[in-house]
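This report concerns only the one structure given below.
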Amino acid sequence: AQSVAQPEDQVNVAEGNPLTVKCTYSVSGNPYLFWYVQYPNRGLQFLLKYITGDNLVKGSYGFEAEFNKSQTSFHLKKPSALVSDSALYFCAVRERRGGFKTIFGAGTRLFVKA
Amino acid sequence: GAGVSQSPRYKVAKRGQDVALRCDPISGHVSLFWYQQALGQGPEFLTYFQNEAQLDKSGLPSDRFFAERPEGSVSTLKIQRTQQEDSAVYLCASSPMGGGGHETQYFGPGTRLLVL
């Protein structure tokens, strides 16, 4: 069955430190991979996506993600966290061929402490 | 420009009532998606429209759930005879083109449904 795992419910990091939010997936083929962020009382916002090519993808607000095919992972990273990065982060995958279904992980809440 | 809007933002229904949730996608967007997000979970796909055609309704949990997009713009998700397990946030998203592959989806703020 297709699935996305975000193994950490919560990640705590001090402002200025690097952050990593983990994501692994189990989807046939080479899926498209996405990260979305959800701020309180606001809709999901797109951060970045992996389509093809360079395994390191750069996105909005200084975030980047590294695609690792052998480990079927797509971890979200940022070199220096900001308090304003505190939010709920969702990893999502979609098959390349056919279908319109996007599968989301359960989300990871990021707390950045000043 | 205007993003995706949803109404109502909050809905309380008594068990057994019918509800209708509205989504106004970004103008001109071809694709429209509905998701259900239970508390503490990620969004789960319900259904997909390309213009007025419902091309995928594999995620609708039962025949009590029905969605339409008759003119290829506004969409309505209807839930008949609501049950407590229907309590969730219902998200709508749109994308500019055919909805396939790597298109970015633009999400609305959601409708929070509470069934008592």
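Residue by residue, here is whether (1) surrounded by fewer than 17 Cβ atoms within 10 Å (Cβ to Cβ); (2) of a type in the set (Ser, Thr, Tyr); (3) within 10 Å of the chain's Cα centre (by Cα) holds:
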site: A:Thr52; (1), (2), (3): yes, yes, no
site: A:Gly59; (1), (2), (3): no, no, no
site: A:Glu66; (1), (2), (3): yes, no, yes
site: A:Leu76; (1), (2), (3): no, no, yes
site: A:Glu95; (1), (2), (3): no, no, no
site: A:Thr108; (1), (2), (3): no, yes, yes
Open item on the list: Please count how many residues of the range B:45-100 are acidic (Asp, Glu) and part of a strand (DSSP E or B).
Closed with: 2
Open item on the list: So, in the range A:5-23, exactly how many residues are open to solvent by less than 50 Å² (accessible area, probe 1.4 Å) and outside any loop (DSSP other than H, G, I, E, B)?
Closed with: 6
Open item on the list: Return the pair list, or none, for Cβ contacts closer than 7 Å from residues in the range B:100-116 that are within 12 Å of B:Phe33 (Cα to Cα) to residues that are among the β-branched types (Val, Ile, Thr) and in a loop (DSSP other than H, G, I, E, B), at least 6 apart or on different chains.
Closed with: B:Tyr106/B:Val4; B:Tyr106/B:Ile26; B:Phe107/B:Val4; B:Gly108/B:Val4
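Yes/no per residue for (1) on the phi < 0 side of the Ramachandran plot; (2) in a strand (DSSP E or B); (3) within 13 Å of chain B (Cβ to nearest Cβ):
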| site | (1), (2), (3) |
| --- | --- |
| A:Pro40 | yes, no, yes |
| A:Leu47 | yes, yes, yes |
| A:Asp54 | yes, no, no |
| A:Val57 | yes, yes, yes |
| A:Tyr61 | no, no, no |
| A:Ser70 | yes, no, no |
| A:Ser80 | yes, no, no |
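Here's the yes/no breakdown for (1) open to solvent by less than 20 Å² (accessible area, probe 1.4 Å); (2) more than 12 Å from chain A (Cβ to nearest Cβ); (3) not small (Gly, Ala, Ser):
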| residue | (1), (2), (3) |
| --- | --- |
| B:Pro43 | yes, no, yes |
| B:Thr47 | yes, no, yes |
| B:Asp56 | no, no, yes |
| B:Phe65 | yes, yes, yes |
| B:Arg81 | no, yes, yes |
| B:Asp86 | yes, yes, yes |
| B:Ser94 | yes, no, no |
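Results for (1) of a type in the set (D, E, K, R); (2) buried (at least 16 other Cβ atoms within 10 Å of the Cβ), shown as yes or no for each residue.
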| position | (1), (2) |
| --- | --- |
| A:Gln71 | no, no |
| A:Ser80 | no, no |
| A:Ser84 | no, no |
| A:Tyr89 | no, yes |
| A:Gly99 | no, yes |
| A:Ile103 | no, yes |
| A:Lys113 | yes, no |
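The values are calculated or read from the model by the stated rules, or taken from the named source; none is laboratory data. Worth saying up front: this structure is predicted, and the values here are computed from it rather than measured. Cβ sites come from the backbone with ideal geometry, for glycine too, and all protein chains shown count toward neighbours. Ligands, DNA and RNA are excluded from the accessible area calculation, which covers all protein heavy atoms including side chains. Shrake-Rupley method; radii C 1.70, N 1.55, O 1.52, S 1.80 Å.
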